[in-house]
Amino acid sequence: MPKIQITPEGKACLNVGCGGAYFSEWTNCDLLPGRQVVGHDLREPLPWGAAVFDAVYSSHVLEHLPPAEGRELLAEQLRVLKPGGVCRVVVPDLEGICRLYLQHLETACEARDEDSLRRYRWAVVELLDQMVREETGGELRQLLNRGDVDEAQARERFGDAYRGPKGEPVTLESSRADAKDAPMELEADFGAKMARRWAKWKLKLTTGDGRDPRRSGEVHRWMYDRLSLTRLLEEVGFECCAVKRFDESAIPDWDKYNLDLSRHGNFPRKPDSLYVEGRKPA
């Protein structure tokens, strides 16, 4: 069983599918292993015993799994939680995306000016593209390459993931260092280096070098709104399920570890998100 990190406050917190946003004081897992990241395929049972974590967090992971596999992942999160532990699930907000699409549709139909049409095209792509794209980047990449975007709209919807007009990446703070970009020479353990290299090779082998978005996990396999996600958590076995704000959580010491906070200020890191929490029955 991989090592479980304990916070200075004495809590064990798990970040599932962490990508580049994590704290070293938490236990973190993602497909590719890193210095502070346990390599794990989330379609398999989590590699920890039952009732060992005080909190489990996942952000923009569930939508990349088919519904049945997503349910199994949530059941695994319930299993590894201690009684009374908190599960926080963050996904793209289907309801919010649909409302914005309808809003921009109405405006574009009335105004018919180029700015309104540009925002409408973005809304259509945001709603559909990542579910149906057949090449990496899809229609969104085409919009960005053409410069056919409203900068304010792109920043509002992408948040910290937005890349500027010159393609400059938005990097996370050092406390949220990107494990996938960590220099290999910083890996303290030779076994960890080899595990990471093996995972990269296996990923290329199974995804066609990442060129097929359906095989690489790039596409959204399902979408959730506040009703469907809350009901799913309840069906899996969680109780007290409720929608939260990005800066509101029952996870211990959330003010210190808020993984949904933008590095630029007091607003969401991923503004298109829905946040739902549930507790494991005591």
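Filter the stretch 90-105 for residues that are of a type in the set (A, V, I, L, M, F, W, C) and touching a residue at least 12 places away in the same chain (Cβ under 8 Å); which is farthest from ARG269 (Cα to Cα)?
LEU105
Name every residue in the stretch 89-121 that is farther than 19 Å from VAL149 by Cβ and among the aliphatic types (A, V, I, L, M), in order of residue number.
The answer is VAL89, VAL90, VAL91, LEU94, LEU102.
May I ask you to verify whether LEU105 is surrounded by 19 or more Cβ atoms within 10 Å (Cβ to Cβ) and of a type in the set (A, V, I, L, M)?
no
Of everything in the stretch 3-47, what is more than 17 Å from the chain's Cα centre (by Cα) and of a type in the set (S, T, N, Q)? Give them in sequence order.
GLN5, THR7, SER24, GLN36
Within the stretch 13-37, which residues are touching a strand residue (DSSP E or B) at 6+ places or on another chain (Cβ under 9 Å), surrounded by fewer than 21 Cβ atoms within 10 Å (Cβ to Cβ) and over 16 Å from LEU259 (Cβ atoms)?
Hits for the stretch 13-37 are LEU31, LEU32.
State the number of residues belonging to the stretch 53-89 that are in contact (Cβ under 8 Å) with a residue 24 or more places away in the chain, more than 18 Å from ASP253 (Cα to Cα) and of a type in the set (A, V, I, L, M, F, W, C).
8
Could you tell me whether any residue of the stretch 116-133 is part of a strand (DSSP E or B) and either in the same structural domain as PRO213 (by TED's automatic domain parsing) or surrounded by fewer than 19 Cβ atoms within 10 Å (Cβ to Cβ) (or both)? Steps first, please.
If we filter the stretch 116-133 for residues that are part of a strand (DSSP E or B), which is where we start, we get none.
For the stretch 116-133, residues part of a strand (DSSP E or B) and either in the same structural domain as PRO213 (by TED's automatic domain parsing) or surrounded by fewer than 19 Cβ atoms within 10 Å (Cβ to Cβ) (or both): absent.
Which members of the stretch 80-96 meet the condition of being assigned to a helix (DSSP H, G or I) and surrounded by fewer than 19 Cβ atoms within 10 Å (Cβ to Cβ)?
GLU95, GLY96
For the structure I just gave you, tell me whether LEU203 is assigned to a helix (DSSP H, G or I), assigned by TED's automatic domain parsing to the domain that holds SER273 and either at pLDDT 50 or above or in contact with a His (Cβ under 9 Å, 6 or more places away or on another chain) (or both).
yes
Residues in the stretch 111-129: is at least one under 15 Å from the mean Cα position of the chain (by Cα) and not charged (D, E, K, R)?
no
The values are calculated or read from the model by the stated rules, or taken from the named source; none is laboratory data. In this text the structure is predicted, and so the values were computed from the model without any measurement. Neighbour counts are summed over all protein chains in view; Cβ atoms, including those assigned to glycine, are modelled from backbone coordinates with ideal geometry.
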